[in-house]
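Reviewing the structure listed below.
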Amino acid sequence: MAIRQIRKDGDEILRKKSKVVDVVDDKIREILNDMEETMHAANGVGISAVQVGILKRLVVIDIYDGNKPLKLVNPVIIKQKGKQEVEEGCLSFPNQFAKVIRPMEITIKALDEFGKEITIKGKELLAQALAHEIDHLDGKLFVDIMLPGTMEYLEPNNNENEKRKE
Ligand SMILES: [Zn+2]
């Protein structure tokens, strides 16, 4: 596994649409492993492949609930329910946080890292992370939907750096 460079705000790749993955092979699993390591090194709860410069529909999420990180290939939202107003950050926007409205519950379909079809239902933080990462695959960023006037800029190394980044 290797830590990859995270693309930051202003990098035009973040605005591009990622491509559907046709075959889930060792190369894809290697990218997913690198995404996991990169996300953990940056204390993130989620990461999309575009954030490490790869335009493929790949997402890794770890909400630190004791379960293994989710590794998703071609995730698609098939159902959403309710709303939650949450504070959100992004690995591509260091030290910036804003409030957004996300679904309270989300159901997605995807392939796992072995190409098997899976359905995942997430609530609260998991629903938020799924929505955030799937947006990345279409070039959408949390700053596009943030509630006006809620952006906060934190000093690096401030305690609040423990806040969630996706
Ligand atoms: Zn993000």
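Pairs of C-alpha atoms in segment 91-135 farther apart than 13 Å represent 63 percent of all such pairs. When the trypsin sites (Lys or Arg not before Pro) in segment 110-160 are filtered for DSSP coil states and for at most 11 other beta-carbon atoms within 10 Å of their beta-carbon, the remaining sites are LYS116.
Where Lys and Arg each count +1 and Asp and Glu each count -1, what net charge lies around LYS68 among other residues with Cβ under 11 Å from its Cβ?
Details: positive: LYS71; negative: GLU36, ASP62, ASP65, ASP112, GLU113.
Result for the local shell: -4.
Based on DSSP loop calls and a cut-off of at most 13 other Cβ atoms within 10 Å, the longest stretch of the chain free of exposed chymotrypsin sites (Phe, Trp or Tyr not before Pro) is what? The longest such stretch corresponds to 1-63. Look at the dipole of segment 12-162 built from charges on Cβ: of ASN67, LEU137, GLN51, the Cα furthest out on the positive end belongs to LEU137. Give me the distance in nm between label points sitting 7 Å out from Cα along the Cα-to-Cβ direction at LEU147 and MET104, one decimal. Inter-label distance under the simple model: 1.6 nm. Taken about its Cα centre, segment 12-162 carries a charge dipole of about 760 debye when Lys and Arg each add +1 at the Cβ and Asp and Glu each add -1 at the Cβ. The angle between the Cα long axis of helix 124-137 and the main principal axis of the chain comes to about 70°, on a 0 to 90 degree scale.
The Cβ shell under 10 Å around ARG4 holds other residues with a net charge of -1, Lys and Arg each +1, Asp and Glu each -1.
Springs between Cα atoms under 10 Å define the GNM used for the chain, and in it the highest mean-square fluctuation of ASP11, ASP138, ASP112 occurs at ASP11. Counted by neighbouring Cβ atoms within 10 Å, the residues THR150, THR38 run from fewest to most as THR150, THR38. Helix-only arithmetic for the chain: the sum of -39500 (n - 2.57) across DSSP H runs with n ≥ 4, divided by the residue total, places the mean residue ellipticity at 222 nm at -6500 deg cm²/dmol. For the chain, the relative contact order is 25 percent, taking Cα pairs closer than 8 Å that sit 6 or more residues apart in sequence and dividing their mean separation by the residue count.
At 0.36 nm per residue, minus the direct Cα-Cα distance, what do VAL76 and ARG29 gain on full extension? Give it in nm, one decimal, please. Don't skip to the end; give the middle numbers.
Details: separation 47, 0.36 × 47 = 16.92 nm, distance 1.90 nm.
Answer, rounded to one decimal: 15.0 nm.
Within the listed set LEU137, LEU111, LEU32, the residue fluctuating most in the Gaussian network model of the chain (springs between alpha-carbon atoms under 10 angstrom) is LEU111. The 3J(HN,Hα) values that the Karplus relation (6.51, -1.76, 1.60; θ = phi - 60°) gives for segment 87-104 are, in residue order, 8, 9, x, 8, 4, 8, 10, x, 6, 10, 9, 8, 8, 9, 9, 10, x, 6 Hz. Gly and Pro appear as x. Axis of helix 26-41 versus longest Cα principal axis of the chain: the two differ by about 20°, to the nearest ten degrees.
Using the Karplus relation 6.51 cos²θ - 1.76 cosθ + 1.60 with θ = phi - 60°, the per-residue 3J(HN,Hα) values for segment 106-115 come to 9, 10, 10, 10, 7, 9, 7, 5, 10, x Hz, with x marking Gly and Pro. If you model segment 1-140 as an ellipsoid using its alpha carbon gyration tensor, with each semi-axis the square root of five times an eigenvalue, the axes come out at 20, 19, 14 Å, biggest first.
No lab work stands behind these numbers, since they all come straight from the coordinates. Everything numeric in this text was worked out from a predicted model, so none of it was measured. Cβ coordinates were reconstructed from backbone atoms using ideal geometry, including for glycine residues, and neighbour counts include every protein chain displayed.
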